[in-house]
Every structure is written in structure tokens, then in C-alpha cells.
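Here's the structure we're looking at; comments come further down.
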Amino acid sequence: MKKTDHIGVAVKSIEEALPFYTNMLALTLLKQETVDSQGVKVAFLDAGNIKIELLEPLNSDSPIAAFIKKRGEGIHHVAFGVSDIDQRMEELKSKGLKFTSEGSKTGAGGAQVAFLHPKQAHGVLYELCDHDFKGGSQHE
């Protein structure tokens, strides 16, 4: 792992949540985008040495919508920056770890992402995030 890249926070509405982060905490909004393949709208905020990623479900079928329904708004995942996500996934699979999907997928900002299954990580959803993905075996 290169670094902790960001912390994902599930929210019902980015528009309603943003004033807390930008006005109250004085964090800088870096960008907003929609990631249709993940069923989310995201907003990234600069929190100094880490980013905060707000995740709003696009519809009731979104995994974020299911998370909010079950657990309410709050911390959804912790993302680690990695190099060569496919190699890192194979290394972790060889140690017996499982992922929530077979391969990496395109996430926010064009990064390739994959999530470790939280049952193996003491209830924490960890994301591997490769911002420098060069191709390879992307699986949807």
C-alpha cells in the first residue's frame, strides 16, 4: 500500500452534506462527478493529507443506498492507494483474501478500484485504488 488515499462517507444528499464540510470544517471541494457504473454521485474534499469522498446513491438499487438503509449515513470505506492493482489483487488473493468482485472496476476520477470483502477485514470495507492504471485485465 502506498498511502491512505481517501475515506468514503455515505450520505443521503451531497448538496445537504457539503455545507458541513466546506463551511463548518473549512475543507476545500476538489470536484464532483457521477459514476454511473457504481450507482453514485461523488464529491471529493481536501482534508490535508487525505481526501474525504462523499457518496450519494443515484437510485434505490445502488450499493450506497443499501448501506444507508441498513446502517445510516457514515463512514463507508477506507481506500488505500496502490500501484499495479491487478498484481496487488493477485498477491492478496494468493494469501486467501477475497474481494467483492472478481476484478477491478473503473471508479471516480478514472481510477481502477477493488474492494476487499469486509467479513475478512473485521467489518471494515477497504478499497484498493490505482490512479495510475495502465490497462491490463479489467473485469466488470
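Assorted remarks:
- Count of region 7-46 residues, restricted to those that are over 19 Å from L125 (Cβ atoms), modelled with pLDDT under 95 and either among the hydrophobic types (A, V, I, L, M, F, W, C) or surrounded by 19 or more Cβ atoms within 10 Å (Cβ to Cβ) (or both), is 0.
- Of the residues making up region 113-134, those that are within 16 Å of R71 (Cβ to Cβ) and either of a type in the set (D, E) or loosely packed, with under 13 Cβ neighbours inside 10 Å (or both) number 4.
- Criterion violated by F133 - all others in (1) over 13 Å from the mean Cα position of the chain (by Cα); (2) among the hydrophobic types (A, V, I, L, M, F, W, C); (3) not in a loop (DSSP other than H, G, I, E, B) satisfied: (3)
- G72 passes every criterion in (1) modelled with pLDDT of 95 or more; (2) surrounded by 13 or more Cβ atoms within 10 Å (Cβ to Cβ) apart from (2).
- Residues of region 101-130 classified as part of a loop (DSSP other than H, G, I, E, B), under 14 Å from the mean Cα position of the chain (by Cα) and within 19 Å of G74 (Cβ to Cβ), total: 2
- Considering region 28-47, the residues that are polar (S, T, N, Q) and in a strand (DSSP E or B) include one that is farthest from A111 (Cα to Cα), namely T28.
The values are calculated or read from the model by the stated rules, or taken from the named source; none is laboratory data. Just so you know, these numbers come straight off a predicted model, no measurement behind them. Here the Cβ is made from the backbone with ideal geometry for all residues, glycine too, and neighbour counts use every protein chain on show.
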